[in-house]
Structure formats: structure tokens, C-alpha cells
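Some notes on the structure that comes next.
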Amino acid sequence: MVLVNITERMIDAEPQEIITNDNLNASVDAVVYFKVLEEEESVKNSQYSVNNYESQVINLARTTLRNIIGTLTLKSANSERGKINSEFHRTL
């Protein structure tokens with residue numbers, strides 16, 4: 001038997017340098033909230049479909065954030081955090 005935490009959890013996605021659409025560097029830090037769904041299939045997938053689902057969530061979040069901010073200018077990335085959050089949530 002394996003114990004799987006199904007409560008909502010928070011993980012820091014570590015700061016990273018991202019090049020914006022106007023070729024400027026932005027240092028971006030993110031926090032990701034996630035949880036494994038209670039359904040038996042979700043719990044099994046968290047253990048058997050990936051090697052380490054926590055690191056996979058972090059890597060997916062960092063990659064998605066790079067893709068989103070890479071399409072924005074530095075000014076719009078600073079002023080449109082709501083747009084970034086909604087697109088990030090929709091993509092993940």
C-alpha cells in the first residue's frame with residue numbers, strides 16, 4: 001500500500017529567468033497549488049503513470065509560465081497578472 005496525500009498542496013516553482021517578447025530578461029517566481037483528485041484512477045495515475053508527480057507538476061508549471069510570458073512584453077507581463085493567471089490556469 002502507498003499513502004497518497006489528496007489535500008491541496010503548495011509548491012514553490014523556483015525563480016527563473018524568462019526572455020520576454022521584446023527581448024528583455026524577467027526574473028519570475030511562481031507558487032503552484034495542486035492536489036490529487038480523490039477518484040481511484042487519479043490516485044493510481046499519480047503513482048504509476050509518472051515517476052514523481054510533484055516534480056512533474058513543477059516542471060509543467062515552469063514550462064507553461066515560460067511559454068506564456070515569452071509571448072508578452074515586459075510591461076504587459078508586469079501589468080497583466082490576471083491575464084497570465086487565467087491563461088496559466090486554463091493551460092494546466
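The values are calculated or read from the model by the stated rules, or taken from the named source; none is laboratory data. As the structure is a prediction and not an experimental result, all values here were calculated from the model. Positions of Cβ are generated from backbone atoms using ideal geometry, with glycine treated the same way; all protein chains shown enter the neighbour counts.
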Somewhere in segment 7-26, is a residue of a type in the set (A, V, I, L, M), surrounded by fewer than 12 Cβ atoms within 10 Å (Cβ to Cβ) and within 14 Å of ILE84 (Cβ to Cβ)?
no
First in segment 56-80 and over 13 Å from VAL28 (Cα atoms), second anywhere and of a type in the set (A, V, I, L, M, F, W, C) and assigned to a loop (DSSP other than H, G, I, E, B), Cβ under 6 Å, 6 or more apart:
GLN56/VAL50; ILE58/ALA13
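Scan segment 35-45 and tell me whether some residue there is acidic (Asp, Glu) and either surrounded by 12 or more Cβ atoms within 10 Å (Cβ to Cβ) or closer than 16 Å to MET10 by Cα (or both). Show your work before the answer.
First, the residues of segment 35-45 that are acidic (Asp, Glu): 38-41.
The next check asks that each one be either surrounded by 12 or more Cβ atoms within 10 Å (Cβ to Cβ) or closer than 16 Å to MET10 by Cα (or both); those that pass are none.
Checking segment 35-45: not a single residue is acidic (Asp, Glu) and either surrounded by 12 or more Cβ atoms within 10 Å (Cβ to Cβ) or closer than 16 Å to MET10 by Cα (or both).
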What single numbered condition from (1) among the charged types (D, E, K, R); (2) farther than 17 Å from ALA77 by Cβ; (3) without any contact (Cβ under 8 Å) to a residue 40 or more places away in the chain fails to hold for ASP29?
(2)
Kindly indicate whether any position in segment 61-82 is charged (D, E, K, R), over 15 Å from the mean Cα position of the chain (by Cα) and at pLDDT below 90.
yes
Which ones in segment 49-66 are of a type in the set (Ser, Thr, Tyr) and either surrounded by 15 or more Cβ atoms within 10 Å (Cβ to Cβ) or touching a Phe, Trp or Tyr at 6+ places or on another chain (Cβ under 8 Å) (or both)?
TYR53, THR64
How many residues does segment 35-55 contain that are within 23 Å of SER86 (Cβ to Cβ) and modelled with pLDDT of 90 or more?
1
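Within segment 6-59, take every residue that is aliphatic (A, V, I, L, M) and assigned to a loop (DSSP other than H, G, I, E, B) and give me the one that is farthest from the chain's Cα centre (by Cα). Give the steps one after another, and end with the answer.
Of segment 6-59, the ones aliphatic (A, V, I, L, M) are 6, 10-11, 13, 18-19, 24, 26, 28, 30-32, 36-37, 43, 50, 57-58.
With the extra rule that they be assigned to a loop (DSSP other than H, G, I, E, B), the set shrinks to 6, 13, 24, 30, 36-37, 50.
On the way: ILE6: 18, ALA13: 7, LEU24: 22, ALA30: 8, VAL36: 15, LEU37: 17, VAL50: 16 Å.
Applying the filter and picking the extreme gives LEU24.
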